[in-house]
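Notes follow the structure.
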Amino acid sequence: MRFNKIGLIVLLSTQSFFTYANELSWKQPFSSIDSGDTAWILISAILVIFMTVPGIALFYAGMVRKKNILATMVQSFATAALVSLLWVIIGYSLAFTPGNGFIGGLDRLFLSGVNVWTDLKELTVHPNAGTIPESVFIVFQMAFAIISSAIITGAFAERMKFSALLWFIGIWVLLVYVPTAHWVWESGGWLAKHGVLDYAGGTVVHINAGVAGLIAAIVIGKRLGYGKEGMAPANLSLALMGTAILWFGWFGFNAGSAVSADGRAGMALLTTQVAAAVGGLTWISMERIFRQKPSALGMASGIVAGLVGITPATGFVNAQGAILIGILTAIPCYFMVTKIKHIFKYDDTLDAFGIHGVGGIIGAILTGVFYSQDISGATASIGAQIVGVLITVLYSAVISYLILLVLSKTIGIRVMRDDERQGLDISLHGERIE
């Protein structure tokens with residue numbers, strides 16, 4: 001009995017110690033917060049939010065028909081608002097607190113405990129970002145959840161009910177994005193422990209969103225008149241403006257993922273620029289070969305493809321690797337958008353899967369090919385990268401399909417035929433562009 005009592009005391013003491021140690025790991029003295037790191041991540045968070053509103057909003061709006069421009073832009077704004085709220089309520093806690101290998105805990109429910117000052121002037125931080133306030137890390141990661149959700153909307157533009165969109169995005173971000181973010185980016189996540197590398201979102205953001213978009217496009221069905229009527233973009237100048245904003249904001253997306261203002265952030269900045277440039281030039285070169293004329297939309301598509309491809313690798317590769325990733329991503333994306341999509345006859349309206357899904361898959365795998373230990377100290381395995389890709393594709397596809405199935409059986413997911421013909425600006429929002 002005496003031995004059992006002593007053992008119980010030791011066990012409780014040990015548990016108390018580790019609980020205390022865990023609390024300490026989430027706090028830093030105010031003097032330990034680095035102002036340079038904090039300033040850079042503040043700017044990066046703003047840049048990533050800027051990528052969605054107005055970046056994605058303009059990029060997508062310029063490629064739909066005039067009667068759907070406002071509705072398409074509203075999708076990005078509404079997504080940003082909804083995901084922001086869900087991130088504060090529960091998303092951040094489930095994604096970035098320890099929990100277990102598959103999902104986080106509820107320690108940060110409604111952001112409880114964040115930014116807590118004590119008599120010792122301690123400020124809460126995340127263990128993955130110990131030199132910036134936790135509040136800054138929260139907004140930075142929130143921005144990633146926002147743009148991931150907004151990317152999906154391009155796949156089913158011009159035909160989904162607004163209410164169904166909100167339900168789908170809200171459920172998807174909690175059931176798909178949050179768990180995969182935990183698997184890959186939380187230090188205790190099971191894919192992270194198995195060596196899957198994703199510097200800034202090849203799997204978590206682009207594969208996840210692209211695959212969800214593909215499933216949604218197939219489940220909802222093709223637009224009325226698809227393949228029979230002309231569906232030319234209404235205003236490519238808007239799309240180019242959106243591309244410019246995405247290119248600009250992507251520096252926060254990738255270089256900000258260093259979570260500090262250091263050499264890796266600088267290398268991520270460099271490789272991001274190189275891959276974007278190479279992707280754009282590769283795409284218009286393909287157009288020159290197969291279509292005789294390089295197009296404005298092709299240049300925009302190639303730039304985005306290069307940016308998507310480099311995202312998972314950007315902090316692990318050098319400039320030479322970025323050149324090769326830009327080329328090897330843009331070429332398959334080009335054929336997916338111009339050839340393969342039409343062979344399989346699905347209507348991925350704005351090529352969310354063709355560019356983000358395919359580009360994310362290629363970039364994630366090539367991370368295992370071109371990584372450099374001299375840059376990050378990390379080791380990579382092509383096998384681990386492929387496994388990470390397959391798991392993400394399968395999980396996103398299955399859960400996205402189930403969400404859409406439930407919504408289709410309850411509130412319905414597609415607008416009425418007459419509303420689609422009239423245009424979503426008028427039928428859903430009662431507004432139009434004159």
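Numbers at a glance
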{"quantity": "Nearest-20 debye value, the chain charge dipole, Cβ charges on Lys, Arg, Asp, Glu", "calculated": "1180"}
{"quantity": "Cut-off under 5 Å, modelled amide H: who pairs with LYS27 long-range", "calculated": "VAL125"}
{"quantity": "Residue order, fewest to most beta carbons within 10 Å, for PHE335, PHE59, PHE30, PHE137", "calculated": "PHE30, PHE335, PHE137, PHE59"}
{"quantity": "Extension gain from ALA232 to ARG288, taking 0.36 nm per residue of separation minus the Cα-Cα distance", "calculated": "18.1 nm"}
{"quantity": "Helix axis angle, 2-25 relative to the chain longest principal axis, alpha carbon, degrees", "calculated": "50"}
{"quantity": "Computed Rg/Rh of the range 316-434, alpha carbon atoms with Kirkwood Rh", "calculated": "1.12"}
{"quantity": "Binned Cα-Cα distances of the range 98-159, short to long, each 10 Å bin given as a whole percent", "calculated": "17, 38, 26, 13, 4, 1"}
{"quantity": "Backbone HN-Hα couplings from phi across the range 87-102 [Karplus 6.51/-1.76/1.60, Hz, Gly and Pro as x]", "calculated": "5, 5, 5, 8, x, 4, 4, 5, 7, 10, 10, x, x, 10, x, 10"}
{"quantity": "Using alpha-carbon coordinates, inclination of helix 263-291 to the longest axis of the chain, degrees", "calculated": "20"}
{"quantity": "Surface/4 estimate of mean projected area, convex hull on alpha-carbon atoms of the chain, nm²", "calculated": "24.2"}
{"quantity": "Neighbour-count ranking [beta-carbon atoms within 10 angstrom, fewest first] of ARG417, ARG264", "calculated": "ARG417, ARG264"}
{"quantity": "Paramagnetic label zone (point 7 Å from Cα along Cα-to-C-beta, ASP374; backbone N under 12 Å) in the range 254-271", "calculated": "none"}
{"quantity": "Sorted by Cβ density within 10 Å, fewest first, the residues ILE56, ILE331", "calculated": "ILE331, ILE56"}
{"quantity": "Kirkwood Rh in Å, taken over the range 289-340 so that all alpha-carbon pairs contribute", "calculated": "11.7"}
{"quantity": "Segment PHE77-ILE89, extension gain: residue separation times 0.36 nm, minus the distance between their alpha carbons", "calculated": "2.4 nm"}
{"quantity": "Phi to ³J(HN,Hα) by Karplus 6.51 cos²θ - 1.76 cosθ + 1.60 over the range 362-371, Hz, x for Gly, Pro", "calculated": "5, x, 5, 5, 5, 4, x, 8, 9, 4"}
{"quantity": "Angle in degrees between helix 134-152 and the longest Cα principal axis of the chain, rounded to the nearest 10", "calculated": "30"}
{"quantity": "J(HN,Hα) series, the range 73-82, from Karplus relation 6.51 cos²θ - 1.76 cosθ + 1.60, nearest Hz, glycine and proline x", "calculated": "5, 4, 4, 5, 5, 5, 4, 4, 5, 5"}
{"quantity": "Out-of-range pairs (alpha-carbon distance over 27 Å; input LYS193/LYS409; LYS27/LYS193; LYS66/LYS293; LYS121/LYS193)", "calculated": "LYS193/LYS409; LYS121/LYS193"}
{"quantity": "Förster radius 22 Å - calculated FRET efficiency between SER381 and ASP34 (Cβ-Cβ, nearest 0.05)", "calculated": "0.10"}
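Each reported figure results from applying straightforward, stated rules to the coordinates on display, with no laboratory input. Fair warning: this is a prediction, and the values are worked out from it, not measured in the lab. Neighbour counts are summed over all protein chains in view; Cβ atoms, including those assigned to glycine, are modelled from backbone coordinates with ideal geometry.
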